[in-house]
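Following: one structure in structure tokens, then a few remarks.
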Amino acid sequence: MRFCFTFAIVLVASSTAFAADTSVDFVRDVVPTLTKAGCNNGACHGSFQGRGGFTLSLLGWDPAMDFDAIRRAGRGRRVDLASPANSLLLRKPTGAIAHGGGKRLNTDSTAYRIIHDFIAQGMPSPLADAPKITSLEVLPADLLLKPDGTSPIRVNAKWSDGSTRDVTAWALFDSRDTQACDVSRDGVVTAHRPGRSSVSVRYQGLVASVAVSTPYGSPIETPDFKPRNFIDGIVQKEWQRLGVKPAPCSSDAEFFRRAYLDLIGTLPTPDEAKKFLADTDANKRSKLVEELLERPEYVDHWSMKWSDLLRVHRRYVGDKGLGTFSGWIRRAVRENMPFDKLTRELLTAQGNLFAHGPVAFYFVDSKPEEFAETTAQVFLGVRLQCCRCHHHPFEVWAREDYFGLAAFFTRLEIRENGDKGRFGGLQTLRAVAEETKKLDFAAKPRALGADAAPPSDDPRVALADWVTSKSNPYFARNFTNRIWSHLTGRGLVEPVDDLRATNPATYPALLDALAKNFADHGFDAKHLIRTICNSAVYQLASEIAPDRDRDASLLTHRKPRRLSAEVLLDAVNQATSFNESFVGNPPGTRAIALPDPTIPSPFLVIFGRPLRNNACDCSRETAPDLLQALHLLNNPEFQAKISGANGRLAKLLESKKTDAEAIEELYLATYSRKPSDREMQTVQKLIAGATNRKEALEDLFWTLLNTPEFSFNH
């Protein structure tokens, strides 16, 4: 998505008629005109420091400020009421005199006439009780266009006085993916390549989006795809509409390995793989999912994920606080604590840090503003950071919303014994009657889009009620999207913690259905995981074909992704039968069970273990790079794990197994499948021709561990 807008094209006459005798309103007419011309964007006068001594609010979010800046600032030198055409406000953007922003208006344009007539009318001040914009209607809301096809978008604004106006000429449009589709300044969409994208629409602080779909071909049937639950029905309908065929169902071996890695972050053993592959039960996949949900590794794996999100780290809470915080998260995962209860315990936590784990949530951040940002991003999937200074450029949220959320956290007090807990001293959090911290912007506690919270001994209780409500449009969708992303490699909304109107889901109906199902089942994480894993969509093969979406956004195939740092390290150790030791942790501790990132491990650092220093899901790096490849290829410790005296290969050689048996075990230990006939014949031939059988098997093992099939989940 483009986050900066350039306005190289001069604003010309609009298709919307504007009569010379029409009364011009500053808010309804002038501000949208300046916004469309680009005068108040972040690269021009809308930046916080302004340009050339002239500062406007970003994209016109504060009309009162803008009016003062134009009419009164600089002793009113920017306007000439006696001769409007000589006003700097018109002469500069038309290029009559030097203007750093270049030419923005033509003298014969509707935009020029609006500003000119407003000055000629004496620049009446905005009325406090003037009608306010209440909603945007964008038509059509969903476009289906063939490649190179075009369609105009119409934007209607509704106002508090009941009036409606066509504001298409003054709305701002932007394409989420310009390679998929473009949109002109006038709102005409042009499709390019097959797939799904969207166009964002903004006007006067309100936003909307238009889904743009470009078919791969004519509508088709998908008879080979057999739906297993409601997920499949929703997705199949869209495939048929877009003329795209899904990949076939994954093989048993592919599904088996995938489920282990997704649900418990652990490779299956060769014996487990052979048992599953030999099982003829038609329901064995569903049974496997149930078994994995009850494995102890499930607790390790999902505790690590939520610990990343909540930034569990001893630098915030010390060693003792780390124990209580980490222990509480593990208990919540082990007991399958409903997400609404988990969230409520965190948001309303009080008491001793060393006795009550959720209290640690309030030691990671320190300011009410930081608590507001973390609460919005972690529990709602909403990024509010930019609202600290100005209106959100891509959402409806303003500074009032930001500080209204921050106001829930201004009455917290931490008492300690002076050593900040370094020597085990008490640190206690409690809500008090008076504010302990002041905000830069006066505000009363108010949830996003809601009324002010009623007075309370602890306003966080009202916040927790709103956040975890089934009617909250963000809570269930946020965690549903996060879990979907973890299981499939891609969120229905990307980035997963950026839910907003201008960043719509690729399958809005699917996200809504999953979120409702999640809420209706008591925010049960295991139920949601079970539902997704039992779907036919989840069980598709990872095959990529020219007639499918390459990025898997349409869910036509499984998107392969590199194993996370901890999962990959454990996979290497399990495949080689190597017992890794971590400083300060008991023997046998696995990487996915480490409490925080302070445990030294060059491997984990190289492969992107997050530092847990921010609440963004992007803090974990999963993209492969050259350093990672070189580490696996050349690292002596990696080679030592392959050839170690007590490792898997050494025991294979001692067991006197045949070449075929040894090859099969190495394949099962790394790929969780048996070698194909061709692979078996090729490898047997190479081993038979080698002068040293041990070295030949070492080379095979090294090769298997260095392939994408091993290091990727597919």
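Read the figures in this text as sums done on the coordinates, not as results from a lab. The shown structure was predicted, so the numbers you read here are calculated from the model rather than taken from an experiment. Methodologically, a virtual Cβ is constructed for each residue, glycine included, from the backbone with ideal geometry; neighbour enumeration extends over all protein chains shown.
Hey, what angle do you get for helix 314-334 against the long axis of the chain, alpha-carbon based, 0 to 90 degrees rounded to 10?
With rounding to tens, the tilt is 70 degrees.
Relative to the longest principal Cα axis of the chain, at what angle does helix 296-310 sit, 0 to 90 degrees, rounded to 10?
Here the helix axis deviates by roughly 30 degrees.
In whole percent, what relative contact order does the stretch 26-120 give with Cα contacts below 8 Å and a gap of six or more residues?
On the way: 127 pairs, mean separation 19.6, N = 95.
Relative contact order here is 21 percent.
Name the residues of the stretch 644-673 whose amide N is less than 17 Å from a point 7 angstrom out from the Cα of Ala688 along the C-beta direction?
The answer is 658-664, whose backbone nitrogens lie closer than 17 Å to the label point.
Starting from the Cα of Lys103, draw a straight line to each of the lysines and keep only those under 18 Å, dropping any in the same chain fewer than 8 residues away.
Within the straight-line limit of under 18 Å, Lys103 reaches these lysines: Lys36, Lys92.
In nm, to one decimal, how far is the modelled label at Thr622 from the one at Arg75, with both set 7 Å along Cα→Cβ?
6.2
State which entries of Lys274/Lys656; Lys275/Lys641; Lys437/Lys470 exceed 22 angstrom in Cα-Cα distance in the structure shown. Walk me through the numbers before you get to the answer.
Details: Lys274/Lys656 20 Å; Lys275/Lys641 26 Å; Lys437/Lys470 31 Å.
Flagged as over cut-off: Lys275/Lys641; Lys437/Lys470.
Compute the length gained on full extension between Glu400 and Asn106: take 0.36 nm times their separation in residues and subtract their Cα-Cα distance, giving the result in nm to one decimal.
On the way: separation 294, 0.36 × 294 = 105.84 nm, distance 3.68 nm.
Roughly 102.2 nm would be gained on extension.
Among Ala253, Gln236, Val189, which residue has its Cα positioned farthest towards the positive end of the charge dipole of the stretch 189-257, with +1 placed on the Cβ of Lys and Arg, -1 on the Cβ of Asp and Glu, and the dipole taken about the Cα centre?
Val189
If the label point is 7 Å along Cα→Cβ of Ser471, which residues in the stretch 430-449 have backbone nitrogen under 19 Å from it?
Answer for this model: 446-449.
Could you tell me which residue out of Pro445, Asn534, Ser485 lies farthest along the dipole of the chain toward its positive end? Charges go on the beta carbon: Lys and Arg +1, Asp and Glu -1, centred on the Cα centre.
Among Pro445, Asn534, Ser485, the one farthest towards the positive end of the dipole of the chain is Pro445.
Starting from the Cα gyration tensor of the stretch 26-120, take the square roots of the eigenvalues, sort them a ≥ b ≥ c, and report rounded, prolate or oblate (rounded when a/c is under 1.5, otherwise prolate if a/b is larger than b/c, else oblate). Don't jump to the answer; show the numbers that get you there.
On the way: a/c = 1.28, a/b = 1.21, b/c = 1.06.
Taking the square roots of the gyration eigenvalues as a ≥ b ≥ c, the stretch 26-120 is rounded.
In nm, give the distance between the simple-model label positions of Thr280 and Ser83, each being 7 Å from the Cα along the Cα-to-Cβ direction.
Between Thr280 and Ser83, the label points sit 9.9 nm apart.
Nearest 20 debye, what's the magnitude of the dipole of the stretch 330-444 about its Cα centre given +1 on Lys and Arg Cβ and -1 on Asp and Glu Cβ? Numbers along the way, then the final one.
Numbers: 17 positive and 16 negative charges, 69 e Å.
It comes to approximately 340 debye.
Calculate the all-directions average of the projected area of the stretch 133-214's alpha-carbon convex hull, and give it in nm².
Working: hull surface 18.1 nm².
It is 4.5 nm².
What length, rounded to one decimal in nm, is gained on full extension from Glu637 through to Ser676, with 0.36 nm per residue of separation minus their alpha-carbon distance?
Result: 11.0 nm gained on full extension.
With contacts defined as alpha carbon pairs under 8 Å and 6 or more residues apart, what's the relative contact order of the stretch 483-565 in percent? Could you put the intermediate results ahead of the total?
Working: 71 pairs, mean separation 23.2, N = 83.
Relative CO of the stretch 483-565 lands at 28 percent.
If you rank Thr374, Thr658, Thr428 by fewest surrounding Cβ atoms within 10 Å, what's the result? Display every interim value, and only then the final one.
Values: Thr374 20, Thr658 10, Thr428 17.
In order of increasing Cβ crowding within 10 Å: Thr658, Thr428, Thr374.
For helix 284-293, report the angle its Cα long axis makes with the longest principal axis of the Cα atoms of the chain; keep it between 0 and 90° and round to the nearest 10°.
80
Mind checking the dipole of the chain: about its Cα centre, +1 per Lys or Arg Cβ, -1 per Asp or Glu Cβ, Debye to the nearest 20? Don't skip to the answer; put the middle values down first.
Working: 90 positive and 86 negative charges, 169 e Å.
Approximately 820 debye in magnitude.
Only Cα pairs under 8 Å and at least 6 apart count here; give the relative contact order of the chain as a rounded whole percent. Working shown, then result.
Values: 1233 pairs, mean separation 81.4, N = 714.
It rounds to 11 percent for the chain.
Assuming a ≥ b ≥ c are the square roots of the Cα gyration tensor eigenvalues, decide whether the stretch 461-540 counts as rounded (a/c under 1.5), prolate (otherwise, with a/b larger than b/c) or oblate.
Numbers: a/c = 2.11, a/b = 1.31, b/c = 1.61.
Taking the square roots of the gyration eigenvalues as a ≥ b ≥ c, the stretch 461-540 is oblate.
Taking a 24 Å limit on the Cα-Cα distance, which of the listed pairs Lys320/Lys444; Lys559/Lys685; Lys284/Lys674; Lys657/Lys694; Lys305/Lys559 fall beyond it?
Values: Lys320/Lys444 35 Å; Lys559/Lys685 34 Å; Lys284/Lys674 19 Å; Lys657/Lys694 12 Å; Lys305/Lys559 20 Å.
Result: Lys320/Lys444; Lys559/Lys685 exceed 24 Å.
Pull out the extension gain between Ala442 and Ala43, defined as 0.36 nm times the separation in residues minus the alpha carbon to alpha carbon distance; nm, one decimal.
Working: separation 399, 0.36 × 399 = 143.64 nm, distance 2.84 nm.
Extending this stretch completely gives an extra 140.8 nm.
As an exercise, use a Förster radius of 41 Å and the Cβ-Cβ distance of Arg165 and Cys386 to find the FRET efficiency, rounded to the nearest 0.05. Display every interim value, and only then the final one.
On the way: r = 28 Å, r/R0 = 0.69.
In this case the efficiency is close to 0.90.
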